[in-house]
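For reference, the structure discussed in these notes is given below.
Every number here is computed from the coordinates shown, using simple stated rules; none is lab data. Here the structure is a predicted model, which means the values were calculated and not measured.
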Amino acid sequence: MHSIHGTESPSVLVTGTSSDSHTWNLVFLQLLLEEMGHTVANLGPCPPDELVVENAIDVQPGLIVVSSVNGHGFNDGLRLIRALRARPELALTTIVIGGKLSTDGLRNVGLVRQLTAAGYDRVFDDGDLAEFQVLAAARVPARAVS
Ligand code: B12
């Protein structure tokens, strides 16, 4: 899943984190977003941070969705957002993260605060799909009618 092909420029970039080999979370998010009308580039599991940054700059999506469920999402996600936000091309891109980000859920509000302070626009817990859908629906690109 680590390459992006196709003619239509993807409106969303979905990605796992460098340490996370879980895949169905990414497939689920891709299908959900496609059902809403998005075109999705899915980098798949275990992408190194540099690969995510390169693809984000290449694709220039309206939305980047980072998903992690293996329990290392907080640390991986923090490192990744710092790498993404270090690039001026991505300063204004909406970037969100969600899943099972720690082994303690998101009860620790400090984690959410640190992730948003580092540059995520939103941090979603495991079950926050409805809220995520609202955010994603607002970013479905208008298509030219021929
Ligand atoms: C299958 C599985 C594996 C497979 C993955 C195979 C593959 N290629 O995908 C294997 C065996 C490789 C694996 C390995 C590990 N796993 Co595992 N795995 C699972 C399991 C059983 C199912 C995951 C799954 O596919 N779910 C289906 C998808 C569709 O749902 P999901 O992943 O839950 O995603 C949903 C939500 O999290 C949410 N979501 C996810 N991302 C995002 C993003 C946004 C923005 C939003 C809004 C929502 C959202 O929406 C999704 C749909 O509802 C879960 C337990 C479970 N029953 O959930 C454990 C689980 C995820 N694994 C776990 C762990 C700990 C591991 C290991 C660390 C175990 C180990 N000690 O080696 C390793 C990690 C390996 C690695 N490098 O990442 C833990 C994570 C604990 C935590 N986060 O607190 C879980 C929860 C099991 C448990 N109860 O302890 N695992």
Subject >> For the stretch 29-43, 3J(HN,Hα) per residue [Karplus equation, 6.51 cos²θ - 1.76 cosθ + 1.60, θ = phi - 60°, Hz, x = Gly/Pro] >> reply: 5, 4, 5, 4, 5, 5, 4, 7, x, 7, 9, 10, 9, 10, 7
**OP:** Calculate the translational D of the stretch 64-132 in whole µm² s⁻¹ from Stokes-Einstein, where the hydrodynamic radius comes from the Kirkwood formula applied to all Cα pairs, the temperature is 20 °C and the viscosity 1.002 mPa s.
**Re:** 180 µm²/s
Original post:
Expressed as a fraction of 2.2 N^0.38 Å, the rule-of-thumb size for a compact globular protein of N residues, what is the C-alpha radius of gyration of the stretch 1-77?
Top reply: 1.01
**OP:** Taking the convex hull of the Cα atoms, report for the chain its projected area averaged over all directions, in nm².
**Re:** 8.3 nm²
Original post:
Pick from Ser11, Ser21, Ser68: which residue has the top mean-square fluctuation in a GNM of the chain where Cα pairs under 10 Å get a spring?
Top reply: Ser21
